[in-house]
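Visitor: Pasting a structure below so you can have a look.
Computed from the coordinates by the stated procedures, all read-outs in this text should not be read as laboratory data. If you're wondering where the values come from, they're calculated on a predicted model, not measured in any experiment. Heads up, the Cβs are rebuilt from the backbone with ideal geometry, glycines too, and the neighbour counts pull from every protein chain shown.
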Amino acid sequence: MFSEKDLQELLDYSAENQVVSLYLNTDPTESTTEAASLRLRNLLKTIDLPEDVQAIENFVSLEYDWAAKGLVIFSDHAGNFFKTYQFNLSIPNEVYAGKHPTIRPLVRLLDTFTGWGVVLVDKEGARLFSFDLGELSEIGGIKGEEVKQMKRGGGAAMPGRMGGADVSSKIENIIEKNIKEVINEATEFFDHHHVRRIMIGGTDDNIARFKDELPKSWQSLVVGEFPMSMTASEDEVLEQTTIEALETQRKMNKSLVNQAVTLTAKGSNGVIGLIDTLNAIHEGRVRVLFVDQDFEQKGYRCKGCGYLTTQTLETCPFCGDSFEKIDKAVEMAVRETLQKNADVKVITDMEVLKEAGNIAAILRY
């Protein structure tokens with residue numbers, strides 16, 4: 001499975017000539033193998049690197065099993081560099097060629113679909129799932145004491161038998177005991193799997209009980225809730241968690257972009273627009289970068305200190321060196337932001353970001 005280590009390897013790679021970055025949607029629920037193969041051929045027609053094109057075609061026709069929903073390939077034949085990654089997620093069909101691997105689509109997948117813990121709860125127990133990059137794995141679960149429903153009916157309790165209030169109290173005690181056991185198991189699971197976002201499925205009442213019993217440090221990571229039966233199949237859980245992950249990420253990103261815009265308007269720790277954002281990246285001030293998935297612009301990069309700009313300058317204002325033209329100033333900005341250990345949020349179809357110039361940031365200072 002693709003990891004932060006893989007991303008770092010791509011960040012560190014620079015081709016002497018060019019590296020091809022291919023993103024291909026192979027989701028069998030959306031199209032046939034033949035249709036995906038045709039899209040691949042059409043994409044590769046735009047690339048004038050015959051040896052890389054041949055290497056990609058050979059892999060897809062001879063080695064790829066078409067079981068995944070998405071395929072990503074990076075190829076630099078001259079540099080003996082060839083990497084393939086498969087995802088259980090649909091991805092857009094795109095191809096690029098440049099000195100560095102194009103990583104923006106991968107950054108979006110990592111940001112949206114990693115670090116999830118999913119819990120289905122009821123009054124008797126829970127099922128625990130790890131959800132990463134479209135792969136759902138049931139890690140474990142717990143089954144507590146059975147909760148029997150009180151029989152409805154009239155009349156007073158018989159002498160020597162429990163009254164209705166006593167039965168209700170006993171049931172509540174069983175439920176409370178079960179929830180505590182579930183919490184212990186779940187928090188151990190969250191910690192062991194380095195969960196940073198939590199989804200809870202169940203009835204409203206059971207979700208509320210679970211959240212109330214969670215330690216506050218974990219409560220703050222609960223960002224999604226959905227109705228789901230404990231007997232749901234893994235396919236049902238996967239479908240719902242994928243939907244919830246996309247919607248949750250959209251809401252969180254919109255809130256953060258609004259924060260960046262507001263901070264900028266107040267003259268505080270925010271910036272919008274390409275030129276000002278590029279300056280902030282170079283100064284190491286960016287804490288979170290927001291960029292539209294499709295936004296790109298040609299620019300210039302200082303040969304000395306690496307400063308990026310879209311302005312035509314004779315010499316670099318930071319080190320005095322000269323500039324070289326680059327085709328993808330925005331993609332380079334994403335790379336440099338990640339290399340400076342800041343977060344990057346790749347956004348699709350968000351009006352507030354488009355109005356801000358398709359790029360913005362929350363600053364460290």
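Visitor: For the chain, just list the percent of Cα-Cα distances falling in each 20 Å bin from zero outward, please.
Guide: 24, 47, 22, 6, 1
Visitor: Return the distance in nm (one decimal) between the two label points of a simple spin-label model at GLU236 and ILE139, each offset 7 Å from Cα along Cα→Cβ.
Guide: Between GLU236 and ILE139, the label points sit 2.3 nm apart.
Visitor: Working from Cα positions, state the angle (0 to 90°, nearest 10) between the long axis of helix 204-213 and the longest principal axis of the chain.
Guide: Tilt of helix 204-213: around 80 degrees.
Visitor: Something else now. Compute the distance in nm between two label points, each set 7 Å from the Cα along the Cα-to-Cβ direction, one at SER168 and one at LYS251.
Guide: 3.3 nm
Visitor: As an exercise, take the mean of 1/r over every pair of distinct alpha carbons in the stretch 24-84, invert it, and state the Kirkwood radius in angstroms.
Guide: Values: mean 1/r = 0.0829 Å⁻¹.
Its Kirkwood hydrodynamic radius stands at 12.1 Å.
Visitor: If I fit a long axis through the Cα atoms of helix 104-113 and take the longest principal axis of the Cα atoms of the chain, what angle between them do I get, 0 to 90°, rounded to 10?
Guide: Tilt relative to the chain: about 10 degrees.
Visitor: When you count, for each residue, the other Cβ atoms within 10 Å and take the mean per peptide, how do 237-249, 111-123 rank with the highest first?
Guide: Working: 237-249: 17.5, 111-123: 22.8.
With the highest mean Cβ count within 10 Å placed first, the list reads 111-123, 237-249.
Visitor: Still on this structure, I have one more. For the Cα atoms of the chain, what angle does the longest principal axis make with the long axis of helix 234-265, in degrees from 0 to 90, nearest 10?
Guide: 60 degrees
Visitor: Would you list, by chain and number, the aspartates and glutamates whose Cα falls below 15 Å from the Cα of LYS143, excluding same-chain residues fewer than 8 positions away?
Guide: The qualifying aspartates and glutamates are ASP122, GLU124, GLU176, GLU181, GLU185.
Visitor: Ratio of alpha-carbon Rg to the 2.2 N^0.38 Å globular estimate for the stretch 278-322, to two decimals, please.
Guide: Numbers: Rg = 11.6 Å, N = 45, 2.2 N^0.38 = 9.3 Å.
In units of the globular-protein estimate, the stretch 278-322 measures up at 1.24.
Visitor: Moving on to the next point. Run the Debye formula on the Cα coordinates of the stretch 248-365, all scatterers equal and no solvent, and tell me log10 I(q)/I(0) at q = 0.13, 0.14, 0.17, 0.20 1/Å.
Guide: -0.46, -0.53, -0.77, -1.04
Visitor: Based on DSSP H runs of at least 4 residues, each adding -39500 (n - 2.57), what is the mean residue ellipticity at 222 nm of the chain after dividing by all its residues, to the nearest 500 deg cm²/dmol?
Guide: -12500 deg cm²/dmol
Visitor: Of all the Cα-Cα pairs you can form in the stretch 1-55, what percent are over 17 Å apart?
Guide: Numbers: 806 of 1485 pairs.
In whole percent, the share of Cα-Cα pairs in the stretch 1-55 beyond 17 Å is 54.
Visitor: Related question: If one computes P(r) from the Cα atoms of the stretch 209-277, what percent of pairs lie at distances over 20 Å?
Guide: Working: 1309 of 2346 pairs.
The answer is 56 percent, as a whole percent.
Visitor: Could you let me know the centre-to-centre spacing of the stretch 63-82 and the stretch 266-286, using Cα atoms, in angstrom?
Guide: The distance from the Cα centre of the stretch 63-82 to that of the stretch 266-286 comes to 36 Å.
Visitor: Also, quick follow-up: For ASP276 and THR312, compute 0.36 nm times the residue count separating them, minus their Cα-Cα distance, and round to one decimal in nm. Can you show the working numbers first?
Guide: Details: separation 36, 0.36 × 36 = 12.96 nm, distance 1.50 nm.
Separation in residues times 0.36 nm, less the Cα-Cα distance, equals 11.5 nm.
Visitor: Count neighbours as other Cβ atoms within 10 Å of each site's Cβ, and list the GluC sites (Glu not before Pro) in the stretch 1-68 that are DSSP loop with at most 10 such neighbours. Present the calculation step by step, with values, prior to reporting the outcome.
Guide: Details: sites: GLU4, GLU9, GLU16, GLU30, GLU34, GLU51, GLU57, GLU63; in loops: GLU16, GLU30, GLU63.
Here the GluC sites (Glu not before Pro) that fit, given the DSSP loop and packing criteria, are GLU16, GLU63.
Visitor: Please list, in order, the residues from the stretch 336-365 whose amide nitrogen is less than 15 Å from a point placed 7 Å along the Cα→Cβ vector of ARG287.
Guide: 341-345, 361-365
Visitor: Oh, and also: Could you pull out every one of the aspartates and glutamates with an alpha carbon less than 19 Å from that of LYS328, ignoring same-chain neighbours closer than 8 positions?
Guide: Output for LYS328: ASP12, GLU16, ASP48, ASP76, GLU94, ASP276, ASP292, ASP294, GLU296, GLU336.
Visitor: Treating the beta-carbon of each Lys and Arg as +1 and of each Asp and Glu as -1, no other charges, what is the dipole magnitude of the chain about its Cα centre, to the nearest 20 debye? Intermediate values should be presented prior to the final figure.
Guide: Numbers: 40 positive and 57 negative charges, 239 e Å.
The calculation lands at about 1140 debye.
Visitor: Turning to a different aspect of this structure: Of all beta bridges DSSP finds with both residues in the chain, what is the antiparallel percent, to the nearest 5?
Guide: On the way: 46 of 60 bridges.
So the antiparallel bridges amount to about 75 percent of the total.
Visitor: Follow-up. Taking every Cα atom in the stretch 169-221, find the radius of gyration and the maximum pairwise distance Dmax, and write them in Å.
Guide: My reading of the Cα-based Rg and Dmax gives 11.6, 37 Å.
Visitor: Continuing with this model, one more query. Tell me, what are the semi-axes, in whole angstrom and largest first, of the equivalent ellipsoid of the stretch 164-305 as set by the roots of 5 times the Cα gyration tensor eigenvalues? Spell out each step's value before the answer.
Guide: Values: eigenvalues 402, 58, 42 Å².
Gyration-tensor ellipsoid for the stretch 164-305: 45, 17, 14 Å.
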